[in-house]
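The next block holds one structure in the form of structure tokens; read it before the comments.
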Amino acid sequence: MIFILLCALMALAPPSKVRAYDTPNDGGGSVTIEWQISPDDKELIGYQIYRSEDGEIYEKVGFIGPGRTRIEDETQDGPEYIYKVAAVQDTIRSYSDPSPPVMSRAHLVDRTKTNVFVSLLVFGAIILYFTYAARKGKEMFIRKIAGLQAVDDAVGRATEMGKPILYCPGIGYIEDIATIASLNILGEVAKKCAQYDTKLINPNRDPIVYTVAREIIKESYSSVGRPDSFDPDNVYYVTDSQFAYAAALDGVMIRERPATNFLVGWFRAESLILAETGASTGAIQIAGTDQVSQLPFFVTACDYTLIGEELYAASAYISKEPLLLGAIKGEDWGKFFIGIVLIIASIIGLLTTFPILGLFR
Amino acid sequence: MKIIEILTNIDRRIIYLILLIVVVLPLIFPSVEKVRVMPPVEKLYYAIDTIPPEKAVIVDFDYEPQTAPELDPMGFAILRHVFKRRIKLLVLSLYVQPLGLAQNALTQVIEEFNSAAKTNADSIIYGRDYVFLGWVPPPIIPILGMGESITGVYTVDYYGNQTDTLPLMEEITNYNDVGLLVSLSGSDIPKYWIAYAQSRFGLPVGAGITAVSASEFYPYLQTGQFSGMLVGMKGGAEYEEMVERTLKIKSRRKASEALLSLTYAHIVMILFIVIGNIGYFAKRRKK
Amino acid sequence: MNISGDPWIWISALMSLAIFSFLYRDNPFYRFAEHIFVGVANGWAVTFYWHNVLSPSLFNPLFRQGNLYYILPFVVGMLYFTRFIPRVSWLVRIPIGLYMGYWIGVSIPSTLQAYIIKQVQGTILTTQNFQAWNSGSMGVVWSVILLIGVMCTIAYFFFSREHKGALGIASRIGIIFVMVGFGAAFGYTVMARISLLIGRLQFLLGPWLGIID
Amino acid sequence: MKRTFPLILVFVFGILGIIPFFVPHPVVQNADEFLRNEFLRILVAFALVLGLGSLLKVHIDKIKRKRENWQYSWILIISFLISAIIGLFGGVGGTGILPTTIGSFQFDIWTIYWNVVMPLGSTMFALLAFFMASAAYRAFRARSTEATLLLAAAFVVMLGVLPLGDRISPHLPSFAQWIMDVPNVAGQRGILFGVALGALATALKIILGIERSWLGGGRE
């Protein structure tokens, strides 16, 4: 009798209110189990999760530390599951009541990403509206971008000195938008090189970027009516190893002595290796990247640096194409919109208890 | 004024030469300066120092030979601290390359202690004072599995012994018996320990990282997810200072020696900037 | 001073010295190391792509297991070589177009999430962000300065309006934040770069020359 | 046809790239997985063959025409062939048909990587310590207000990180950390907003066929 009493006294209080539901916004195969911690939570070493398909045979499927109230269990979509959570202390287990049956399933849309979807629609609409509005061709003002104004005289300088121009599109892949922006600028620089008949050297780090760069330069030369002076040997692939590429480019800078170096695109630590070697050869250097971690080195070592968005505005700035200029106006309105959002969200965040941060999770 | 001309454009090779000399000399003629210990390092030191006797500390060696110069000294200093305080120790790696570095650190530090030890009690014995768990791929298995049972994940240790036969493992079953896990890594591995082990089992995590990845890890220190953090050679040197000052251990302090090179190199760079500007202002006033 | 006997340590040491010699000036040793570096790096790339990509993901399934789906990537991949046939050289645009198009599509939502939504979340003035600084009541001041800095930096990047009046002042303040940030980031990485140099010198002085243990 | 079909492809695959972000359904995720890790990675391998062809062609021409430094082109080609043969036939872990050890001297591709590519790479990386010194000396001159700000902030942080720094004033290290946490983060966030919008505009222009320079040669 006493033993039973002792057992009752000694018995661990189980966790309560065990609830299981299909994990939302996922591809299926997952059930979330929640519970209220056991009153003896302090003495526990954790909670064991048991699962059964028929209500009789339970199988241990998970374990989690004390004080926690939620876990996800990997399941098959189809069968129904019943869950029990056991408070565990050394060898003593205290089981909760079983949860109602639940079935996991796949979801078509991930609702936690609606804020990304909304911002895609909003900013996409703003940019496209102004891109197409620009077609009516009213002259659009664009502020001075030092690095881009220097492109003309940088190419001119190379021609006078009879020296080549080195164009490095960065070590990024074609999927890095900075690489694509750089290839657009390469097209414009290649046109000027074709006009002035200046040698353009373009070593590449990625095979796919190499194939695109080669097409763009060939197109620029033929669009200016000089298809014959395009020398395919000046556009080549080097290697996909970051520092071997930097070593090879340093070699080109020192031996071919280009009068102007373009270091435009996606860069990592090798940015300063290129910029400082280029500076030691006395070349004019125009750099540009969206990598915030490398901008300090370009700003320090190069003559002109396109900071972040200036890199994307470049091809429109040089080519003056109405559609491209319109997109820049759209980007400005996008920035204005972000400024408004920041102010309004801050006001809401300060003055009300509305969980504004949740919107930007 | 020729001097102004010299000051403003010193040949870069002279700068390189001076920098090289200033960095190499302290490596060849090592000496150690007093190091001021900053809060992140102090936090990690006391996180280890205040581990209750019945709990263990886990040291995760997950760096490669290239980042060994910055992270080896941290490993050595932490091992000295743990062995001196007789704290139970488990050592592991989530990947295969760092196992050799972990093995090397363990043998050297234990050699230091056992050569000085007289009795069986104050020497370091495998299986009683520490266990080298080794490597179980993929990383998610040990990170989550040790929450429930360490011997369940590492059935066999690095040397091939059955872990459940080792005396130390009888007292250490899972994260509840672990006071702190210190992850030494040149990559994101400390973040995995927080995202999976700490969030699920409340495991306190400390980190030893390279100077390059410092800014990426500071937020985790500010939010308290890291119980402490050592950054680069400077962090290693500060921990070596704590170990020598509070535990009275006299041993080789490689990070503190390298810190001297770092300090001199910084000073040389600062001097050249000052010289360049003096020349620049003098030239401008002359115009 | 026990110099190492291991041939590989000698090779790595000499390679390191060849690269360091570039600091003095371009010389035959550097050129030798540079060309070896590019050669071997490409040898490694060929090995990697054959053993880890082409053989398991294309040749085995297509030729050994005869899984005809894999004809598609094989044919599209071969289109790259149409560049050498003038009449159909435009076909090279197909692999380029679909590869570039896919990855650009992937980058759009992730860029919006990482560079806009996450950054806005960190900049909004809320009590939670005030505490994030864990510097007590000063947290409010830092958060306000941060918001002003972000707004002014955005102003600096306005292209389609003259930087005059309010926009002019804001963009002047913005460039101050940017430049201070760049200077600090430069200073912050000095220690990391010198640590790399020390690591390299410790290899040359230790395992190679045995001057330091 | 020569231009419209590729533009349609870019549009279709652009959408195919966006969808998996929003749709977790396994059918979509598995198709995305196959496209990304099988189909597209195979294309990279083909492009690599093309790239290597161009590299070898440039160096072979250099040898034929005996242009300046042509001898080094031999070194590049030979080292490439040797490492490729050892790699392809010796296997990544030295498990291929070609033996990769002579006596005790092991030379499988992995050992070559660790003892040639790795030291060359980390030494190039280490050059940055020298390049930072010469860049700082040359560029940190108080020429304009911006340059002075750049110089001052770098100065404070470089001092703040040193033990010497806090001998000057105990507040210096925390002031250096403050510069990294407030103005640096503010400047970076401002730039990132611009970058995100610029990148979005560029991406949309290409997917919708407004930006066509990538199409390259051939009028049609």
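A short reminder: the numbers here are calculations on the coordinates, not readings from a lab. Owing to the predicted nature of the structure, the values given are computational and were not obtained by experimental measurement. Neighbour counts are summed over all protein chains in view; Cβ atoms, including those assigned to glycine, are modelled from backbone coordinates with ideal geometry.
Computed on alpha carbon atoms, what radius of gyration and Dmax characterise the stretch B:110-154, expressed in Å?
15.0, 42
Rounding to the nearest 10 and keeping the result within 0 to 90°, find how far the Cα-based axis of helix A:177-196 lies from the longest principal axis of chain A.
Orientation of helix A:177-196: about 10 degrees from the principal axis.
What are the ³J(HN,Hα) couplings of the stretch C:61-68, residue after residue, when phi is run through the Karplus curve with 6.51, -1.76, 1.60 and θ = phi - 60°? Round to Hz, x for glycine and proline.
Values per residue, Gly and Pro as x: x, 6, 8, 7, 8, x, 7, 6 Hz.
Please identify the helices of chain D, taking whole runs of DSSP H, that span at least 20 Å along their own axis as judged from the Cα atoms and have a mean Kyte-Doolittle score of 1.0 or higher. Mind dumping the intermediate values first?
Values: long enough: D:4-22 (28 Å, 2.48); D:40-64 (36 Å, 1.38); D:70-90 (29 Å, 1.71); D:118-139 (31 Å, 1.19); D:145-160 (22 Å, 1.89); D:183-207 (36 Å, 1.18).
Helices meeting the span and hydropathy rule in chain D are D:4-22, D:40-64, D:70-90, D:118-139, D:145-160, D:183-207.
Tell me the Kirkwood hydrodynamic radius of the protein assembly as shown in angstroms, computed as one over the mean inverse distance between distinct C-alpha pairs.
For the protein assembly as shown, inverting the mean 1/r across all distinct Cα pairs yields 31.8 Å.
Relative to the Cα centre, what is the charge dipole magnitude of the stretch B:33-252, using +1 at the beta carbon of each Lys and Arg, -1 at the beta carbon of each Asp and Glu, and rounding to the nearest 20 debye?
Dipole size: approximately 560 debye.
Per 5 Å bin, what is the whole-percent P(r) computed from every C-alpha pair distance within the stretch B:152-218?
All Cα pairs considered, the percentages come to 3, 14, 20, 18, 18, 14, 7, 4, 1.
Provide the FRET efficiency to the nearest 0.05 for the B:Leu271-A:Arg268 pair, computing r from the beta carbons and using R0 = 25 Å.
Taking R0 as 25 Å, the efficiency between B:Leu271 and A:Arg268 is 0.25.
If r is the Cβ-Cβ distance from B:Ile140 to B:Arg85 and R0 is 45 Å, what FRET efficiency results, to the nearest 0.05?
It comes to 0.90.
Once you order the gyration tensor axes a ≥ b ≥ c over the Cα atoms, which shape class does chain A get: rounded for a/c under 1.5, otherwise prolate or oblate by comparing a/b with b/c?
Details: a/c = 3.18, a/b = 2.48, b/c = 1.28.
Verdict is prolate for chain A.
With the Cα gyration tensor of chain C giving a ≥ b ≥ c as the square roots of its eigenvalues, does the rule (a/c under 1.5 for rounded; else a/b larger than b/c for prolate; else oblate) give rounded, prolate or oblate?
Values: a/c = 2.21, a/b = 1.21, b/c = 1.82.
In terms of gyration-tensor shape, oblate.
For the stretch D:82-220, compute the orientation-averaged projected area of the C-alpha convex hull (one quarter of its surface), in nm².
18.3 nm²
For A:Asp54 and D:Phe34, what does the FRET efficiency come to when R0 = 35 Å and r is the distance between their Cβ atoms, rounded to the nearest 0.05?
So the FRET efficiency works out to roughly 0.45.
So if I take the centroid of the Cα atoms in the stretch D:111-142 and the same for the stretch C:180-202, what is the distance between those two points in Å?
Answer, in whole Å: 10.
List the residues, sorted by chain then number, that are 5 or more residues from A:Tyr236 or on another chain and whose placed amide H is less than 5 Å from its amide H.
A:Asn202, A:Asn204
Taking the dipole about the Cα centre of the protein assembly as shown, with the C-beta of Lys and Arg at +1 and of Asp and Glu at -1, give me whichever of B:Leu79, D:Val161, A:Phe230 is farthest to the positive side.
Of the candidates, A:Phe230 comes out farthest on the positive side.
Have a look at the DSSP beta bridges in chain B and tell me what percent are antiparallel, nearest 5.
For chain B, the DSSP antiparallel bridge percentage is about 5.
When the convex hull of the Cα atoms of the stretch D:69-139 is projected onto a plane and the area is averaged over all directions, what value comes out in nm²?
7.1 nm²
Specify the angular offset, from 0 to 90 degrees and rounded to the nearest 10, of the alpha carbon long axis of helix A:271-280 from the longest principal axis of the alpha carbons in chain A.
20 degrees
Is the stretch C:124-213 rounded, prolate or oblate when judged by the Cα gyration tensor, a ≥ b ≥ c being the square roots of its eigenvalues, rounded requiring a/c under 1.5 and prolate requiring a/b larger than b/c?
oblate
Using only alpha carbon pairs under 8 Å that are at least six residues apart, calculate the relative contact order of the stretch C:99-213 and give it in whole percent.
On the way: 62 pairs, mean separation 15.7, N = 115.
The value is 14 percent.
To the nearest 500 deg cm²/dmol, what mean residue ellipticity at 222 nm is calculated for chain C from DSSP H runs of n ≥ 4 alone, each contributing -39,500 (n - 2.57), summed and divided by the residues?
Taken over chain C, the calculation gives -20500 deg cm²/dmol.
In nm, give the distance between the simple-model label positions of A:Gln76 and B:Thr119, each being 7 Å from the Cα along the Cα-to-Cβ direction.
About 6.1 nm separates the two model spin labels.
Just to compare against my own numbers: the Cα pair-distance distribution for the stretch D:1-67, 10 Å bins, whole % per bin, please.
Result, from short to long distances: 17, 27, 27, 16, 10, 3 percent.
Extending each Cα 7 Å along its Cβ direction at B:Ala282 and A:Ile347, get the distance between those two points in nm, one decimal.
5.8 nm
Given the -39500 (n - 2.57) contribution per DSSP H run of 4+ residues, what per-residue ellipticity at 222 nm results for chain D, rounded to the nearest 500 deg cm²/dmol?
-24000 deg cm²/dmol
Reachable lysines from B:Lys84, Cα under 16 Å, same-chain residues fewer than 8 places away excluded?
Within the straight-line limit of under 16 Å, B:Lys84 reaches these lysines: B:Lys55, B:Lys118, B:Lys248, B:Lys250.
I want the antiparallel fraction of DSSP beta bridges within the protein assembly as shown, as a percent rounded to 5.
Of the beta bridges lying entirely in the protein assembly as shown, close to 40 percent run antiparallel.
Mind checking the log10 I(q)/I(0) for the stretch C:1-124 at q = 0.20 Å⁻¹? Debye, one equal scatterer per Cα, no solvent, two decimals.
With one equal scatterer per Cα and no solvent, log10 I(q)/I(0) is -1.10.
Could you give me the percent of Cα pairs per 10 Å distance bin for the stretch D:135-203, shortest bin first, beginning at zero and ending with the bin that holds the maximum distance?
So the P(r) values, bin by bin, are 18, 33, 32, 13, 4, 0.
Taking H placed 1.01 Å from N in the peptide plane, check which residues at least 5 places from A:His107 or on another chain put their amide H under 5 Å from its amide H.
A:Asp26, A:Gly27, A:Gly28
Going toward the positive end of the dipole of the protein assembly as shown, with +1 on Lys and Arg Cβ and -1 on Asp and Glu Cβ, which of A:Cys193, B:Pro137, C:Val120 do you reach last?
Of A:Cys193, B:Pro137, C:Val120, it is A:Cys193.
Using DSSP H assignments, which helices in chain B have an axial alpha-carbon span of 27 Å or above and a mean Kyte-Doolittle hydropathy of -1.0 or higher? Could the numbers behind the result be given before it?
Details: long enough: B:254-286 (48 Å, 0.73).
Helix filter hits for chain B: B:254-286.
Tell me the volume per residue, in Å³, of the convex hull enclosing the alpha carbons of chain B.
148 Å³
Measure nothing but the geometry: give the 0 to 90° angle between the long axis through the Cα atoms of A:207-223 and the longest principal axis through the Cα atoms of chain A, rounded to 10°.
The angle comes out near 30 degrees.
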